[in-house]
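**Student:** Take a look at this one; I'll ask things after.
Any read-out appearing in this document is the output of simple, stated calculations on the displayed coordinates, not a laboratory observation. Here the structure is a predicted model, which is why all the values come from computation and not from measurement. As a convention, Cβ positions derive from the backbone with ideal geometry for all residues, glycine included, and neighbour counts pool all protein chains shown.
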Amino acid sequence: PPSDGSERRQVIKSKIMAIGKMARVFSILREESERVMELKSVTGDGKLPYGTLALGAEGIKKAITSFEEARRSDLENERLPPTRKEVDDVERSKAIKEAIQEVDDDQVLQEVAEVFIKDDERRKSLKETVNVNL
């Protein structure tokens, strides 16, 4: 009977291995079924492109990828044009940036601004002096 115990262990081990293999088969079937459903959903009409199943798992993956790329491309191409307000906002922003750059680059204007700033500072200082003396 020692061989009886080892046979029993071997039978149990074989059953466990068979269950593992079946679990793997069902997992692969579920994944492939999900891919087919995904491909059907991205095609838009709920049908698989002709010959896709014959290409196998890799063919289905490639088809899903190509449909996703085409969909992203279509979204960009089907985008609505900008509204008049959006165009005006962009143009206004661009004009303001250009004006600021021109002012920053204009040395004469910078010197005039410095004179005004110094003059304004002198007036404030003079006002404070007058207010303190009152």
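**Student:** Mind checking which pairs have a first residue in the stretch 61-73 that is touching a residue at least 12 places away in the same chain (Cβ under 8 Å) and a second that is of a type in the set (A, V, I, L, M), Cβ under 6 Å, 6 or more apart or different chains?
**Tutor:** A63/L39; I64/L39; F67/V42
**Student:** Could you list, in sequence order, the residues of the stretch 4-57 that are among the basic types (K, R) and either part of a helix (DSSP H, G or I) or in contact with a His (Cβ under 6 Å, 6 or more places away or on another chain) (or both)?
**Tutor:** Across the stretch 4-57, the qualifying residues are R8, R9, K13, K15, K21, R24, R30, R35, K40.
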